[in-house]
Amino acid sequence: MSLNDAFLNRILDLETTDVFPVYEAAIALTQENHAGAHRDEPPDLKRCRTVAERLVHAHRERPMDFMLLALRPQGLPSFLEAHPVNVTIILLELLQGWSACPADPLDVALLGLLHDVGIVKVEDLVRQPRRLTEGGTGRHRAARAGDA
C-alpha cells in the first residue's frame, strides 16, 4: 500500500468516528452562511458560536484527526464550503502550539468560520451579465493586450 493510499484510507476511517460529525456540522454551517449571504442575510451568530464551541472542544481531544480532515483532497465538500472550516482547524492547531498567544480559541474559531462569508457575493457579481469592454467581452480585451 502506498503512502497516499494509507493517507486516504485513514481519512476514510475518520468518517466513522465522532470527529466527522463535528466537521460535517461546520461544513453545513458554512453552506447555510453562504446561502444566507446570497440572500443578503447575516450569519446566525448563535449557531456559529455553537458550532465553533463544538470544533474547539473536539479539536482539543483529537487535533490530528481534524488536521487530516483539513488536508484531505477537495472533492466533496467543495473548496468554498470546506475552506472556512479547514482554516479554522489550522488556526486552532497553530494556537495550540503558540502558548504566548492570549487569543481565546472560541474567538479564533469564529474568525475562521466567518472570515470568507461574503465571498459568495463576489461570485454573484461576477455572474451578472454586463458589458466588460467596448468590444462587449473580456476576451477581446485580452486578445488586444496579447497583441501589444
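We did not get these values from a lab; they are worked out from the coordinates using the rules stated. Not measured: the values here are computed from a predicted model. Virtual Cβ from ideal backbone geometry, glycine too; neighbours counted across all protein chains shown.
Take the Cβ atoms of Glu93 and Leu45, set R0 to 30 Å, and the FRET efficiency comes out at 0.80.
Cβ-Cβ distance of Cys101 and Lys121, R₀ of 25 Å, FRET efficiency by 1/(1 + (r/R0)^6): the value works out to about 0.20.
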